[in-house]
Amino acid sequence: MMKVEAIIRSEKLGAVKSALEAIKVHGMTVFEVKGRGEQKGLEFTHRAGKFRIDMLPKTKIEVVVKDSMVNSVIDTICNSARTGEVGDGKIFVLPVLKSIRVRTGEEEK
Ligand SMILES: Nc1ncnc2c1ncn2[C@@H]1O[C@H](COP(=O)(O)OP(=O)(O)OP(=O)(O)O)[C@@H](O)[C@H]1O
Ligand SMILES: [Mg+2]
């Protein structure tokens, strides 16, 4: 199994959730986070001068899936979260050893 961690624009969460549901990916954990990428946040000009917000609010989605689903999860998230502007997000993929369902003790590898 793999964990797909996607940091996306918060306003895209609904679209990403529906798109994942459409490929039968239901389990996920969502976090409200702050972060920065290549542009080190956002610089803007105001009458009083230049300002920088260096940590922007984002939403992080964690989805653990079978290896065979990883590529379609990545494509689905990219397609549903993309605007084409900087700040669309990043996806990280990590190996997962196993999961255990608490109710039944059932393990999945
Ligand atoms: N190297 C990284 N490590 C951990 N988190 C990161 C990294 N790069 C980006 N992030 C996270 O992803 C969020 C979105 O990043 P962002 O989309 O701005 O990436 P980017 O690499 O700057 O791409 P773009 O040029 O399209 O903006 C950041 O706010 C941060 O939370
Ligand atoms: Mg960026």
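Every number here is computed from the coordinates shown, using simple stated rules; none is lab data. Computed from a prediction, not measured in an experiment: that's the story for all the values here. All Cβ positions, glycine included, derive from the backbone under ideal geometry; neighbour counts span all protein chains shown.
Things to note:
- Additional length obtainable on full extension of the chain from LYS66 to ALA22, 0.36 nm per residue less Cα span: 14.2 nm
- For the chain, with +1 on Lys and Arg beta carbons and -1 on Asp and Glu, the positive-most of ALA48, LEU13, GLY105 along the dipole: ALA48
- Residues LEU56 and GLU107, FRET efficiency given R0 of 30 Å [Cβ-Cβ distance, rounded to 0.05]: 0.20
- Maximal additional length on extending the SER99-THR29 stretch stands at 23.8 nm, based on 0.36 nm per residue less the C-alpha distance.
- As computed over the stretch 51-91, the Cα convex hull volume per residue (Å³): 79
- Burial order of peptide ranges 1-8, 73-80 (average beta-carbon count within 10 Å, highest first): 1-8, 73-80
- Debye log10 I(q)/I(0) for the stretch 14-65, one point scatterer per Cα, at q = 0.17, 0.32 Å⁻¹: -0.67, -1.15
- What the phi angles of the stretch 16-28 give under the Karplus curve with 6.51, -1.76 and 1.60, with θ = phi - 60°, is a coupling list of 5, 4, 4, 5, 5, 4, 5, 9, 6, 9, 10, x, 7 Hz, glycine and proline written as x.
- Residue-averaged 222 nm ellipticity for the chain, from DSSP H runs of 4+ at -39500 (n - 2.57), nearest 500: -6000 deg cm²/dmol
- Mean Cα-pair separation over length for the chain, i.e. relative contact order, pairs under 8 Å, 6 or more apart, %: 44
- The alpha carbon radius of gyration of the chain, expressed as a multiple of 2.2 N^0.38 Å, is 1.27.
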